[in-house]
Amino acid sequence: MHTGGEPLRVIVDGLPELKGNSVLEYRRFMKSNYDHLRTSLMFEPRGHADMYGCVLLPPNHPSADFGILFLHNEGYSTMCGHAIIAITKLAVEMGWVKKESPTTKLEIDAPCGRITSFARIEEGKVQSVYFHCVPSFVVALDQDVNVEGLGKVKYDLAYGGAFYAYVDADKLGISLREDNYTQLIKTGMDIKRAVVKSSSLVNHPFEKDLSFLYGTIFTSQKTYNGADSRNVCIFAEGEVDRSPTGSGVAGRMAIHHKKGELKPDGMTIESIIGTKFKGSVHDTLSYGPYEAVIPKVEGTAYVTGQNEWLIDPEDPLKNGFILR
């Protein structure tokens, strides 16, 4: 599948049984025991440096429809909005859940917690999907970090199911156009590494496994497709999100809400290729030491194919490789 151009390889069969009693435990077990299958399915020759995937799992609680584990070139993310949008559409159209018009509601247990998603149904088909994210919050605004080649860079640190450093690309003079793809990867990773090295603020209030910086998100007011803003996320080990990044938009909703910048109907954010997500605030709440929001993020996904992958035990490249 793809959501806004960002791929999602949905693994529905063939993995060994993952042991555990929660999605976070399944995540730890796969990382410790079957990480070679992640690389086999995400890396070349079956995938590429920017491939993304998910595995469907039992939920944390019977009240959910299913659990989900996210895969990418570096490991296992804690939240993925584009995957939630895609898997919601797939679950409805494959009949894994009961289709109800005009809206089908799903409860999905992700590593970051419970996600509630909604498929908008028209003429029996899913037209779009929106989800209510986990509590999302601002950790700090206007932080400074020294980045080699850039000097002092200002960033906001926020959580939308994953932690991101948000950087104003306009102030740095960095273009968020497709032809600047290579510079965005390098600069985004340089900023991420500098923040990881210098900051001790990336701490989830309740779960140690969620306490890591996932990526850098560049924002810009220069748009090309009628959106309110452009969003380019450099995450994991230099992956470039083709979509506006669902968890990244969730974090932005927390930032804009805190700054008092959000209109009642939210904002439309476009990606590096011009695809769009709509973001708004569904609710507000206290979450540990933070005043948090429940973001609402909406987008559209499409099925692109069905595949069966084979792993020959005699293949010296069976576990995959990456060329960037």
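Derivation of every value follows stated rules applied to the coordinates shown; laboratory data play no part. Only a predicted model underlies this, so the values are computations on that prediction, with no experimental measurement involved. Backbone-built Cβ (ideal geometry, glycine too); neighbour counts: all protein chains shown.
Per-structure values
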quantity: Dipole moment magnitude, nearest 20 debye, the chain about Cα centre, only Lys, Arg, Asp, Glu C-beta charged; calculated: 500
quantity: Gained length - residue 318 relative to residue 93, 0.36 nm times residue gap less alpha-carbon distance; calculated: 77.7 nm
quantity: R0 of 45 Å, Cβ-Cβ distance residue 100-residue 13: FRET efficiency to nearest 0.05; calculated: 0.95
quantity: Shape of the range 174-269, Cα gyration tensor, a/c cut at 1.5; calculated: oblate
quantity: Label corresponding to Kirkwood radius over Cα pairs in Å when calculated from the structure given, among (1) 19.8; (2) 20.6; (3) 24.4; calculated: (1)
quantity: Added length on full extension, which subtracts the Cα-Cα distance from 0.36 nm per residue, residue 146 to residue 311; calculated: 55.0 nm
quantity: Overall Cα dimensions of the range 78-233 - principal axes, largest extent first, Å; calculated: 54, 39, 22
quantity: Descending semi-axes in whole angstrom, ellipsoid equivalent of the range 239-324, from the Cα gyration tensor; calculated: 37, 17, 13
quantity: The range 193-266: chymotrypsin sites (Phe, Trp or Tyr not before Pro) falling in loop per DSSP and having at most 14 other Cβ within 10 Å; calculated: 206, 224
quantity: Dimensions (Å) - the range 1-150, Cα atoms, principal axes, largest first; calculated: 54, 41, 31
quantity: Proximal lysines to residue 263, defined as alpha-carbon separation beneath 20 angstrom and excluding residues fewer than eight positions away on the same chain; calculated: 222, 276, 278, 296
quantity: Extension gain, residue 171 back to residue 304 (0.36 nm per residue minus Cα-Cα distance, nm); calculated: 44.1 nm
quantity: Two-site label geometry, residue 259 and residue 198: point separation in nm, points 7 Å out along Cα→Cβ; calculated: 1.9
quantity: Förster radius 45 Å - calculated FRET efficiency between residue 284 and residue 125 (Cβ-Cβ, nearest 0.05); calculated: 0.85
